[in-house]
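Step one of this worksheet: look at the structure below.
The values are calculated or read from the model by the stated rules, or taken from the named source; none is laboratory data. All values reported here derive from a predicted model rather than from experimental measurement. So basically every Cβ, Gly included, is an ideal-geometry build from the backbone, and we count neighbours across all protein chains shown.
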Amino acid sequence: MYANSFSKIFSPGSRLGFCYADREIIAKLADAKTATNSHTSNLVQVVCAEYFKRGLFPEHLKRICDIHRERRNVMMSCLAKYMPEGTKWVVPDGGLFTWVELPGGINTTELLPEANAAGIHYVAGAGFYVEGNGAGSNAMRVSFGNVTPEKIETGVQRLAALVRSKL
C-alpha cells in the first residue's frame, strides 16, 4: 500500500490525499473514510485532477521545491549562526520542518508559553515520543514551510535569545 497527500505539494489545506493498494484494502479504507467524514470536497478533487491533466503540476512542484529549499537553507544557516553551543538539529532532505534539540536540559513544553508570547511558535518534542520519562522534553519541531526567509531569521534570533536566557 502507498498513501500520500496533495496537501503540501498541491494546495495546503486541501485535505486531499491518495492511496494505491489492493482493492480489498481500498474498500476497507473507503468504509473508514465514510465513517469518519462524508467526503473530500468534490471541487478540490476536480481542480486537482484538472491541474494534473493540463500538465501544470511539474512546474508548480519545481517552484515550491525551490521556495522550500531556500527556506530550509535559511533556517539551517540561522540555526548555525544564532543558536547556542550544544544545540543540535536535523538538516531535512525534504519537508517543511526541522527537529531541534536544545542544550542544558531546557524543557520545550515549559518554554512554549514564553516563546509564544515572544512570537516564536514550535511544537514541543515530548509529544512525539511514546516512552514518557522525559523523552523529547528538550526537543522541538520547527517549521520553515510557511515563513519568509526574513521572518525565519527574526524567529531564530528570538528563539536563540530565549534559549540563552535559560542556560
Margin query: Pairs needed: first member in region 92-111, at positive phi; second member anywhere, modelled with pLDDT under 95; C-beta distance under 6 Å; at least 6 residues apart or different chains.
Written below: GLY104/LEU167
Note to self: Condition first: touching a residue at least 60 places away in the same chain (Cβ under 8 Å) and either among the aliphatic types (A, V, I, L, M) or on the phi > 0 side of the Ramachandran plot (or both). Now tell me which residues in region 121-160 satisfy that.
What the structure shows: VAL142, VAL147, ILE152, VAL156, LEU159, ALA160
Item checked: In region 38-61, the residues that are farther than 17 Å from SER5 by Cα and not in a helix (DSSP H, G or I) -> SER38, ARG54, GLY55, LEU56
Note to self: Going residue by residue through region 104-118, is there one that turns out to be closer than 30 Å to SER11 by Cβ, within 18 Å of the chain's Cα centre (by Cα) and modelled with pLDDT under 95?
What the structure shows: no
Note to self: Quick test of your reading of the structure: ILE120 fulfils all but one of (1) surrounded by fewer than 19 Cβ atoms within 10 Å (Cβ to Cβ); (2) of a type in the set (A, V, I, L, M); (3) touching a Lys or Arg at 6+ places or on another chain (Cβ under 7 Å). Name the failing condition by number.
What the structure shows: (1)
Note to self: Give all pairs with beta carbons closer than 6 Å in which a residue from region 20-32 that is closer than 15 Å to TYR2 by Cα meets a residue that is hydroxyl-bearing (Ser, Thr, Tyr) and loosely packed, with under 13 Cβ neighbours inside 10 Å; count only pairs at least 6 apart in sequence or on separate chains.
What the structure shows: TYR20/TYR2
Check: Which residue pairs have Cβ atoms closer than 9 Å, lie 6 or more positions apart in sequence or on different chains, and pair a first residue in region 56-85 that is of a type outside the set (Phe, Trp, Tyr) and surrounded by 13 or more Cβ atoms within 10 Å (Cβ to Cβ) with a second residue that is assigned to a helix (DSSP H, G or I) and modelled with pLDDT under 95?
Finding: HIS60/TYR51
Check: Here are some residues: ILE26, ILE64. Which one is assigned to a helix (DSSP H, G or I) and touching a strand residue (DSSP E or B) at 6+ places or on another chain (Cβ under 8 Å)?
Finding: ILE26
Check: Restricting attention to region 130-165, and to residues there that are within 14 Å of GLU101 (Cα to Cα) and of a type in the set (D, E, K, R), which single residue is surrounded by the most Cβ atoms within 10 Å (Cβ to Cβ)?
Finding: ARG141
Check: So which residues in region 85-102 are in a loop (DSSP other than H, G, I, E, B) and under 15 Å from ALA126 (Cα atoms), if there are any at all?
Finding: LEU102
